[in-house]
Each structure stands twice: as C-alpha cells, then as structure tokens.
1. Heavy atoms only, 1.4 Å probe, whole protein assembly: order Ile135, Ile121 by accessible area, highest first.
2. For the peptides 56-68, 137-149, 198-210, what is the packing order when you average, over each peptide's residues, the other Cβ atoms within 10 Å and list the highest mean first?
3. Once every Cα of the range 166-218 carries one equal point scatterer and solvent is ignored, give the base-10 log of I(q)/I(0) from the Debye formula at q = 0.20 Å⁻¹, two decimals.
4. Under the √(5λ) rule applied to the eigenvalues of the Cα gyration tensor, what semi-axes describe the equivalent ellipsoid of the range 130-172? Give them in Å, descending.
5. Run the quick spin-label model on Thr69 and Asp110: label points 7 Å from Cα toward the beta carbon, then report their separation in nm to one decimal.
6. Using only alpha carbon positions, build the gyration tensor of the range 14-83, then give the equivalent ellipsoid semi-axes as the square roots of 5 times its eigenvalues, largest first, whole angstrom.
7. What figure, in Å² to the nearest 10, do you get for the accessible area of Lys151 with a 1.4 Å probe and non-protein molecules left out?
8. When the label point is put 7 Å from the Cα of Met33 along its Cα-to-beta-carbon vector, which residues of the range 42-64 have a backbone N closer than 16 Å?
Amino acid sequence: EALCGQPLSPVSKVPVPTLLSFEGEPDAINAAMKKLNSWSPELLEASPVLGLTSRLQQALSRSEESGSTSPLLLLLFGSAYPSDLCTSLCGQTGRFWTSDDVKRCFHCPDPVANQSALKDICDTFVGGSMLDLVILDVAHPGIEEWFVLEKYCNPRHIFLLNTNMPLHQGWVADRLLRANGSPWREVLSGKVNWGYDFPRMLDLVSVSDWRFLVNFQV
C-alpha cells in the first residue's frame, strides 16, 4: 500500500510532495528500488516503530535542504499494521490469504503508540488534516490496514486495485459508498487485463478491476 501527501511534514516551510510505500517482501523491495532508481528512492525499515517518525522527518529534512523539486519517494520495508499482534490472522503473516485466516478475522486489536508504523505516521504527519491519497493493493482483504487508515489517516482520495477479486479490497469501496450520508463518491473505474493465458477457472480472474474514490467532505 502507498500513501501520498503534500507535505507530509506539518512544519515544512517548503512543500515536499511525498510518496510512501509499504512492502513486506525483500524481493519486491529490491525490484522496486531498481525500477525506481531514477527517482532516487530512500529505503527505511518500518521496524522498530519507535523512532520511525523521526527517521521519516530526517528524510523530509534532507529533501528540503537539497532544494530538489522532485517528489520524495520512501520505501518502507515491513508491515503497516503490526503483524506480531495478529499472527496468522487476516493474511498478516506476509503470505497470501488462506481459508484458515477467516476463522478469527476482525479480531485484531486496535494498535497503540509505537506498535503500528502506519498509525504513528498518520498521527504525527497527518493529525487532524487529510491524507492526500491512499493506494491500497495487498494480497488479502486488507482489513487491518484499512481499519488504521480509516480511523487515523482520514484519506481524501483512494485508489483500490483488484476490487473484483475474491478476498481482496472491493469491500472497502462498498463500505464507504453505502454508508448513510457518505461523502465518498466513485469518480473513476477501469480494468487491467493481466495478459496471461489463465487455465481453467483462473480465467474468471484474468481481468482485474480498479476504482478511484474521492471524499467530498468539506
């Protein structure tokens, strides 16, 4: 998942357009660093959570001091939600969702300070404001991630991927759009064809939907 803001830092004198992305797989981090090399991404460890916001502030300060007009791209290696609080529940083990995960799903606790990287980032850099953009693309329903995003991050725009896939993030759009008096509206949607020859029933998920939602709350 990724978070965008301008600026992330509430005390910045120079706006710092910032993209922050969580990734829990080492191979995916290495691939992203190579593909995004021209943007000079900075790699940070999401763990320990204690001190993470200070490390992010230092990265923001370095970008400001350099005078660069390019967006700041930060890759965080680790979990947005504290996986050790919910071992093997709701896909939090870093693997794909399995049928066993659903047995105690929705039982994960609300993280406190210094437990969730995502919560601490939003508490520190978003506060009572709104996060510009959330891109949610995880290989499971993202229940814990969305719980933290909705409660602590107050996003203005959301880009959801794989919304037509079973046990993925389509439920987030339904939750937001169907709430009584909801300020959320779907403004764009589309499809992505994976371009593979999917055998047998896998052909049912050979095309992935995406949805773009905007919070029009004043």
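The values are calculated or read from the model by the stated rules, or taken from the named source; none is laboratory data. All values reported here derive from a predicted model rather than from experimental measurement. No Cβ is skipped: glycine too gets one built from the backbone with ideal geometry, and neighbour counts run over all protein chains shown. With ligands, DNA and RNA removed, areas are computed over all heavy atoms of the protein, side chains included. Shrake-Rupley method; radii C 1.70, N 1.55, O 1.52, S 1.80 Å.
1. Ranked list, largest accessible area first: Ile135, Ile121.
2. 137-149, 56-68, 198-210
3. -0.77
4. 18, 11, 7
5. It works out to 4.4 nm between the two label points.
6. Equivalent ellipsoid semi-axes, largest first: 21, 16, 8 Å.
7. Here the accessible area works out near 120 Å².
8. Residues 42-47 fall inside that zone.
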